[in-house]
Amino acid sequence: MRNKLAMALCLISMVGICEVGIGGNQDRTSAPVGDEDGFFGTTSGSWEPEAAAGFPAPVEKTGQKISYGARDDGMLRKGVAWPKPRFKDNENGTVTDKLTGLIWLKDACCGKFWATDATGQNARNWDSALTAAKKLESGACELTDGSVAGNWRLPNKKELESLIHIGFYNPALPNRAGTGKWTDGNPFSGVQSYYYWLSSTVAFNTVYVWVADLGSGFVGYNEKGSTFFVWPVRGGQ
């Protein structure tokens, strides 16, 4: 009865071919089992790499290469491969991430972001961190890039997370080539294995803002009145 009904509906809708089986109509809308291996298929049996779909924001590899369990991140190493080298030192106080196109202040622990900045240290509360990044300009923090106040900003949650290499800790950052752990000056200087401010406020309680611990790679949240480090960025979409 079910098969007859399906055939009747098919004829009524003027569909030329209607594939009917014991389980009913064939579902052409879902990819077959095995999609987790990085491919998707069609009912014709052809298979294409996921990259062919042209997703606008592909996810990069995490950097983890040691496997601790079957089909874990260290075994599969999913994501977009990092450029080699990953970073370019622009020799003007900035470093370009060739994966994202973002331009980072080379000095991740600058203490004076503009001429009259009297704080005397990098660590400050969130409002002061926003101001520090906004007022940063060429001539401060060893910058010679010609940037002016307003070009720089605090990174958002996803931007700073994109730098993290979870195969390392203290800090969880890669070197210039992207093949090893960060060391001072390669490519950044002054990176602290501690929390850095992000510009993204927590949705469920706006007293809090997201922060990234570059020591462990952990991203959490804390009160905006706390004192954490500032690492400005510019560029992006």
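The values are calculated or read from the model by the stated rules, or taken from the named source; none is laboratory data. A quick note: this is a predicted structure, and the numbers were derived from the prediction, not measured. Here Cβ is always computed from backbone atoms with ideal geometry, including for glycine, and neighbour counts include all displayed protein chains.
I'd like to know if the range 113-120 contains one or more residues that are assigned to a strand (DSSP E or B) and surrounded by fewer than 20 Cβ atoms within 10 Å (Cβ to Cβ).
The answer is no; no qualifying residue exists.
Just to be sure, is Gly139 among the small types (Gly, Ala, Ser) and touching a helix residue (DSSP H, G or I) at 6+ places or on another chain (Cβ under 9 Å)?
In short, no.
Hey, can you tell me all the residues within the range 99-109 that are closer than 21 Å to Trp210 by Cα and part of a loop (DSSP other than H, G, I, E, B)?
Those that are closer than 21 Å to Trp210 by Cα and part of a loop (DSSP other than H, G, I, E, B): Thr100, Leu102, Ala108, Cys109.
So which of Gly146, Gly235, Gly180, Gly185 ends up being small (Gly, Ala, Ser) and under 22 Å from Trp126 (Cα atoms)?
After ruling out the rest, the residue left standing is Gly235.
What number goes with the only condition from (1) in contact with a Ser or Thr (Cβ under 7 Å, 6 or more places away or on another chain); (2) surrounded by 14 or more Cβ atoms within 10 Å (Cβ to Cβ) that Leu136 does not pass?
Among (1) in contact with a Ser or Thr (Cβ under 7 Å, 6 or more places away or on another chain); (2) surrounded by 14 or more Cβ atoms within 10 Å (Cβ to Cβ), the lone unmet condition for Leu136 is (1).
Here's a check for you: in the range 62-85, which residue that is closer than 17 Å to Ser162 by Cβ and hydrophobic (A, V, I, L, M, F, W, C) is surrounded by the most Cβ atoms within 10 Å (Cβ to Cβ)?
Our first condition is that a residue be closer than 17 Å to Ser162 by Cβ; within the range 62-85, this holds for 62-64, 73, 77-85.
Subset that is hydrophobic (A, V, I, L, M, F, W, C): 80-82.
Details: Val80: 11, Ala81: 10, Trp82: 19.
Among those that are closer than 17 Å to Ser162 by Cβ and hydrophobic (A, V, I, L, M, F, W, C), it is Trp82.
In the range 223-237, what residues are of a type in the set (A, V, I, L, M, F, W, C) and closer than 16 Å to Glu161 by Cβ?
Once the filter is applied, which keeps residues that are of a type in the set (A, V, I, L, M, F, W, C) and closer than 16 Å to Glu161 by Cβ, the range 223-237 yields Phe228, Phe229, Trp231, Val233.
Might you check whether a residue that is acidic (Asp, Glu), at pLDDT 95 or above and within 22 Å of Ser193 (Cβ to Cβ) occurs anywhere in the range 113-132?
Scanning the range 113-132 turns up no residue that is acidic (Asp, Glu), at pLDDT 95 or above and within 22 Å of Ser193 (Cβ to Cβ).
When the range 121-133 is examined, which residues are found to be surrounded by fewer than 18 Cβ atoms within 10 Å (Cβ to Cβ), outside any helix (DSSP H, G or I) and either on the phi > 0 side of the Ramachandran plot or touching a residue at least 60 places away in the same chain (Cβ under 8 Å) (or both)?
Within the range 121-133, Asn125 is the sole residue that qualifies.
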